[in-house]
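The values are calculated or read from the model by the stated rules, or taken from the named source; none is laboratory data. Everything numeric in this text was worked out from a predicted model, so none of it was measured. With ideal geometry, Cβ positions are generated from the backbone for all residues, glycine too; neighbour counts draw on all protein chains shown. Side chains are part of the model used for accessible areas, which takes the heavy atoms of the whole protein and leaves out ligands, DNA and RNA. Shrake-Rupley method; radii C 1.70, N 1.55, O 1.52, S 1.80 Å.
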Amino acid sequence: MATSQLKYQIPDILSSLLENQDFQDFWYHELMKNKNCETFPGHGKLIRFAALELIGKFSSNYHQVSYLLKSLEGSLWYFQYKSIQFYEKLSKILLSLLQEVRVFFAFPKQQVSNSTTYNPPDEIVGLFIDFLLKILEEILVIQPDFIVSVKGSIEDLRKKLLLLLNFIMDTQLLQHSEVNLLTHVEAVLNEVGRFLYSFFFVRNQVLTPRMDLELSDALRNFELLEAKIYSNMPSCTTRKTAVVSLFIVDSLLDDITDLLKHKADKIVGVNDQIVTLSEELMLLRSSLTDITLQQHPELEELVIQTTDIAYEIEYVINSLPPVWYLTVRLPQFIDKIKLIVTGTKSNIETGIVEVKNYPTELVSSQEILEDTVVGFEYKETEIAEQLVGGPDHRKIISIFGMPGVGKTTLAKKLYNNPSVVDHFDKRAWCVVSQTYNKRNVLIDILRSVNDLEKEKIMTMDDKGLVETIYKSLIKRSYLIVVDDIWDINAWNDFGRYFPDDKNGSRILFTTRHKEVGLKASPQSVVNELTILSDVKCWELVQRKVFQKEHCPRELVDIGKQIATNCHGLPLAAVLIASVLEKIEMKEHLWQKVARSLSSVISEDLNTFSNILELSYKHLPMHLKPCFLYFGAFQEDEKVSVEELMRRWVGEGFIKKEEGKSSEDVGYEYLVDLIDRSLIQVVERSSLGRVKTCNVHDLLHDMCLRIGEQENFLKEVQSFKRRKVFDWSSKNFSIPDLTRHERLVNLRYLVIPFIVPQMERFHKLEFLYVKNDTEVEIPDFLLEMVNLRHVIFKGYSRFSKSCIQRATKDEVFQINNLQNISYLHISNKMEGKILRCSPSLHRLKCSIGDFQDFSFLNGLDSLRLTFRHNYVAHLISFSLNLRKLSLLCFRMSWKQVKIIGGLPNLIVLKLRVGSFEGRQWNTTEDEFQKLKVLKLSWVDNREWNAPSDTFPILQQLVLRHCNYLENIPSSFGEIPTLQMIEVHDCKQSVEESARNIQEEQRNNMGNDELQIIITSSAEH
C-alpha cells in the first residue's frame, strides 16, 4: 500500500489499538522486559500523534522504516482477532519502529532529504525546529504526571525553540554568518531531539531529577548559542521588492507607539533606542515625500530600500523578541535608516534629477459613469434590432473580436438600452471566462432573474439553482448575456436550462472565437467587431480626454500620432487617453507620452501588451500595489469593494489622512484607478458608490505578469510580511493556524470558525468567520484593541461569561470595534455589552427584547431583523443614523413616525413586514433627508404623502408590494427623483409610476427620470 494511504489509515487504527486495555497491559509488560524502557499514561496518544507527523516524512532512503511500516499496516488489519500471538507480533514491530524513528529526532542531513534540490540551511533548520515544536507542544498537552515539577523548564525550552525559529527566518542567519553557526545550532537541536525521543522509547531518565538535569543543560546550551548569535549577527539584510507600499512607515510608527505605551515592560533597557528609532523613521517619512515626486531609478531604489527595512523592523518589533536581541538589531536598523535619509538628501541637493512638475500639472477628473462607444454606433443599432426584432423562437446572437476591441463595453450598452430593457420581462448577465465555473454562472443568473435573498441563493445546491432559474424564466421573455465565453462546451453545459417558449427570448454572447457563436445554434447570428480606424481612434481619445470640449490646436497633431499608435484597439486608446487626461494640456508633456508609446512599440512585437504596461508605468507609486493586487483574485471575478478596501488597508497600501477613515481614502484610490480605465465598475449601490468591480482579462494577465516579474504577490504572501490571510480556502488544520507565531503582522483574517488563542494576533483589524451555525463571541475578541471589523457569516451571540459580567455590572474594556455582523441581541444584558463598543459605525443584528440603540452615537448603518416579528415596544435610534434596514417586522405607525423624524437618515429599506393598519400617512416634517426608499413584501394598501415629504428623494424601489394601490402622486413634484423601480406589484402601481414620469417630464423638465418595471405574473 502506498505511503500516502498509510498516512491516513495507520494513525486511526493504531489509536484504536493503543486505547484497548488488553493491549495496553500487554504492551506495558513488553516494554518492561527491556531494561531501559517504561511507559506512562498518554503514551499511546503521543505515539499516535507521532504517526501523523512522521509517516509523511519517511523517504525511500529509510528502507528499514518503510519495511516496518508496511508490516505494521498489514498486521493492524488483524486487530479484530485480538489474539496473544497477534499482540506479540505487533509489539515487536512497534518496538522496532520506535527504535528506528530515532533518525527523525536528529538534525537532518541534506543527502537524506526527499528532495533532490538544494534547500537553504535556514529552511532545513526551520523545518526541523517546527517538527520539534509540534512534538514538544503535544507532550505539554498530554502532561504526563512525571513532568509536573519540570513543566516550567519544558515551557522555557519551547520558547527558546520558537525564538530561534523566528530569528533564523527573520535574518537568514545561517546564510550570512561568517562562522559556522550551523554546527552549534545542530548540536543544540540534536540535544533537544534526544530528550524528546526519550518520550517515545522511554529510558530511565524519565525520573524527574534526571529530566531536570537534562533540561538545565539544554537551556544553558541555548544561552551559549544566543551569545554566538549575538557576536555574529549580520548587518540588516533585505529582500528587494520592486513594487512597494509607501505607507508602511506610517503603520510602523503606529506599532512603535503602541509598543512604548502598552508594552513598555517588554523593552526595559532599550526604550531610548526605540525612541531614537521612531525619530529616525519620522525623518525617513518626510524624505519619502520628496522621493515619490521623482521618476528616477536611483530614487525609486531608495524607496524600495525604505520599504524593505520598514517591513523588517515591523516584523521584529511585533515579534516582541527578548531585549538582548533588540540591543543587536536596533542599532543596525537606525544606521540603515540614516544611510537612506542621507542618500535621499544627497540625490536631491546635488540635482541628480530635476524635480518634476507632475503634481502641480495634474488636473482633476470626474468619475466616468458611462462607457464610451465610438466607431460601433451602427453595430449597436444593428444588434439592438436583432435583440428586439426577428423571429419568436429563442435566438443566439454573438459579438466576437480580438481582446480589447470593445465587446463587453458594447454588450453593456445593449443590455442597458431602454428599448431592450422595456422589451424583455427578465434580463440577466453572467461571466463565463476561461476558467468556467458552472455554479457561479448559475448564481449570477438567478440573482438577476429572481428576488430571492442572496443568502438563500448561496445555500442552494446546483439542482435547486437550475429549477429556480427555469421556473423564473418559463413563459416569460428574457435576455441572457453570456460574457467572455471561450468554449462551446460551457454553453452546452448550462444552455439547456433556458426554456424556449417562442416569445422572442434572446441569448447574447461575447467571445474571442467566432466558432463559439456558430456552433451554439444553426440559426445563430454572428457579429464581428473589427479594430477602429485611425480617425475613430482619435475621436475616442478626444472624447475621453476633453469630454465635450475641443482639443487645443497645438495638441492635434501629436494627439493623432498617439491615436495611430493605439493600432485601432479601443481599450488601448482609452488607457492612453487616461494617461493624457491626468496631465496638464501642454504639448511637451504629450510629446513625452508619444515618445514613451513609440519606444515600447519599437522594442517588442507584442505591441498591445506594451501599451497596457505603459498605462501601468504612468501610475503614481502609491497606486501601483493597489492595481497589481487584483492579480490575487480570479480572472473575471467580481470583487467586493468593501472587501477590497479592507484588504488594501490590511496590506498597508493606504495613507492615513486626518479626518478620513482608511477605507474612504482607499475608495478614492479606487476611483482614481477607475478614472484611468484600469478598473471596471460592475455594480453600484443605491447611493451610486461602486459596490463591485473587476479588471479586463488582459489587464488581469498584466497584473500577474508584472507581479511575478517584480516579486510582488510572492512578497505580500510570505509569512514574514503576510498581513492578509484567507484560511477558509486553505487545507490547513486549526492547530496550524494557532501555532503560526510568525504571523505577527496579521491584519486581515478569514477562518471557518473561532479558534483558541487568536488573541496572539494582536495586530488583527479585520476578522471574517465563515460559520454555518450560531457561535459564541469569546471574551478576548472584545478586548483586542486593534480589531475594528468582526463579521460572522452565520449568527453569533455574546458568551455566557460576558452576559454574567454584564449582570454583575462589571466594567468592560472599551474596544475599537466599528463593524459587527451578524449578532443576536436577546435582552438588555446583551445590549449592555454593546456599550463597550462606542465606535460602532455599522451593526447587523437580530433582536428580541431590546429596543435602545440611541447610545451608539457613531452608528451610521443599522440592519435589524425582528426575531418575534411583532415590535412590542418603540425602538429608539441614534440621531446620526444614515442607513436603516428592517426585516421581518410588524410595527405601529408611531414607530414609523419616529423613523421618519431621524434627521440624518438617507437610506431606508423595509423588507417582509406589516403595519398596524393598512394606510400610511406621512407628514411634511418626515424623511427630510431621505434619498433612497426600498419597500419589499410590505402590506400597506394606501399611501398618502404631502408634497413636502421626501423632498430630496432620488430612488424609490417597490418589490412584491402586493396590496399597494398606487404611488402617491406627490412624487411627481420631487425635483431630485432619478429612478422608480416597480417589481411584481399591481398594474395600478405600474401605471402610477408612468404617470409620475410623465408629470416630471411635462411640469419639471426632468427627462432623466428612469422607470423600470418588471412583472412575473399578471395583476
Reported to the nearest 10 Å², H762 has, with a 1.4 Å probe, an accessible area equal to 50 Å²
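Where in the range 767-873 are there chymotrypsin sites (Phe, Trp or Tyr not before Pro) that are in a DSSP coil and have at most 14 other Cβ atoms within 10 angstrom of their Cβ? All intermediate terms of the calculation are to be shown ahead of the outcome.
Details: sites: Y768, F780, F792, Y795, F798, F812, Y822, F850, F853, F855, F866, Y870; in loops: F812, F850, F853, F855.
Within the range 767-873, the qualifying chymotrypsin sites (Phe, Trp or Tyr not before Pro) (loop, at most 14 other Cβ atoms within 10 Å) are F855.
Leaving out ligands and nucleic acids, note down the accessible area per residue over the range 451-503 with a 1.4 angstrom probe, in whole Å².
Values: 2620 Å² over 53 residues.
The answer is 49 Å² per residue.
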Descending packing, highest mean Cβ count within 10 Å first, for 499-511, 267-279 is 499-511, 267-279
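Could you give the length gained on full extension between Q591 and Y378, defined as 0.36 nm per residue of separation minus the Cα-Cα distance, in nm? Intermediate values should be presented prior to the final figure.
On the way: separation 213, 0.36 × 213 = 76.68 nm, distance 3.35 nm.
Gain in length upon complete extension: 73.3 nm.
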On the formula 1/(1 + (r/R0)^6), with r taken between the Cβ atoms of E455 and S854 and R0 of 35 Å, the FRET efficiency rounded to 0.05 is 0.75
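Subtract the Cα-Cα distance of D939 and T923 from 0.36 nm times their separation in residues, and report this length gain in nm to one decimal. Let's see the in-between values first.
Numbers: separation 16, 0.36 × 16 = 5.76 nm, distance 1.97 nm.
Here the answer is 3.8 nm.
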Ranked output for segments 678-689, 836-847 by mean other Cβ atoms within 10 Å, highest leading, reads 836-847, 678-689
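For Q757 and E916, what does the FRET efficiency come to when R0 = 60 Å and r is the distance between their Cβ atoms, rounded to the nearest 0.05? Intermediate results must be reported in sequence, preceding the final value.
Working: r = 50 Å, r/R0 = 0.84.
Efficiency at R0 = 60 Å is approximately 0.75.
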Rounded to one decimal in nm, the spacing of the 7 Å Cα→Cβ label points at K228 and Q804 is 5.1 nm
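Could you do me a favour and compute the accessible area per residue for the range 506-582, 1.4 Å probe, result in Å²?
Details: 3490 Å² over 77 residues.
Result: 45 Å² per residue.
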Heavy-atom accessible area per residue of the range 786-829, all protein chains kept, 1.4 Å probe, expressed in Å², is 47 Å²
Which residues qualify? For Q1010, with a placed amide H closer than 5 Å and at least 5 residues away or on another chain, they are M979, I980
Distance in nm between L518 and T530 label points, each 7 Å along Cα→Cβ, equals 1.8 nm
Of the candidates L569, N489, Q523, the farthest towards the positive dipole end of the range 482-600 (Lys/Arg Cβ +1, Asp/Glu Cβ -1, centred on the Cα centre) is L569
Counting only protein heavy atoms with a 1.4 Å probe and every protein chain in place, the carbon and sulfur fraction of the accessible surface of the range 762-808 in whole percent equals 52 percent
The ³J(HN,Hα) series, computed from each phi in the range 994-1010 with the Karplus coefficients 6.51, -1.76 and 1.60 at θ = phi - 60°, rounded to the nearest Hz and given as x for glycine or proline, is 5, 5, 5, 4, 5, 5, 4, 6, 7, 9, 10, x, 8, 8, 8, 5, 9
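How do 996-1006, 131-141 rank on mean C-beta neighbours within 10 Å, highest first?
On the way: 996-1006: 15.3, 131-141: 17.7.
Most protected by this proxy first, the peptides run 131-141, 996-1006.
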Sparse-neighbourhood loop hits (GluC sites (Glu not before Pro), the range 498-565; DSSP loop; Cβ within 10 Å at most 13 others) -> E549
Two pseudo-spin positions, 7 Å from Cα along C-beta at L339 and at V811, lie apart in nanometres by 4.9 nm
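Quick check: at a probe of 1.4 Å, how many percent of the accessible area of the range 922-1019 sits on carbon and sulfur atoms? Show your work: numbers first, answer last.
Working: 1810 of 4390 Å².
Carbon and sulfur: 41 percent of the exposed surface of the range 922-1019.
After finding the eigenvalues of the alpha carbon gyration tensor for the range 925-1017, what semi-axes result from the square roots of 5 times each, listed largest first in whole Å? Mind showing how you got there, number by number?
On the way: eigenvalues 77, 48, 26 Å².
So the three semi-axes of the range 925-1017 are 20, 15, 11 Å.
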At R0 = 41 Å the Cβ-Cβ FRET efficiency linking W893 and N437, nearest 0.05, sits at 0.30
A 1.4 Å probe over the protein heavy atoms gives the range 391-467 a carbon and sulfur accessible-area percentage of 47 percent
